[in-house]
Amino acid sequence: MKKKLVIEMVIYAVIVVIGIILMFTYQPEEHEIVIQKDYEIEWNGGDD
């Protein structure tokens, strides 16, 4: 029973380490956002 718990904890630790490494090394690709020229943005305030 204890051996199974140790194996499970090692697997969880490996998954966490891989997740942390991916979190710091992942660089998302930049996408160009195209907005139509007749598109208008209206601002109605926000402090109502």
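Values quoted throughout were computed directly from the atomic coordinates according to the rules given, and no laboratory measurement underlies them. The model shown is predicted, which means the values in this text are computed figures rather than measured ones. Note: ideal-geometry Cβ built from the backbone for every residue, glycine included; neighbour counts use all protein chains shown.
Between residue 5 and residue 23, residue separation times 0.36 nm minus the direct Cα-Cα distance comes to 3.8 nm.
Computed from backbone phi with θ = phi - 60° and the Karplus coefficients 6.51, -1.76 and 1.60, the 3J(HN,Hα) list for segment 7-20 is 4, 5, 5, 5, 4, 4, 5, 5, 5, 5, 4, 5, x, 5 Hz; x is used for glycine and proline.
Working value for the chain: equivalent-ellipsoid semi-axes of 49, 18, 8 Å, each the square root of 5 times a Cα gyration tensor eigenvalue, largest first.
Of the residues 44, 12, 23, the one whose Cα sits farthest towards the positive end of the charge dipole of the chain is 12 (charges of +1 on Lys and Arg Cβ, -1 on Asp and Glu Cβ, taken about the Cα centre).
3J(HN,Hα) along segment 25-34: 9, 6, 10, x, 6, 7, 10, 7, 9, 9 Hz, from the Karplus curve 6.51 cos²θ - 1.76 cosθ + 1.60 with θ = phi - 60°, whole Hz, x for Gly and Pro.
Computed about the Cα centre, the dipole magnitude for the chain is approximately 1060 debye when only Lys and Arg (+1) and Asp and Glu (-1) carry charge, each at its Cβ.
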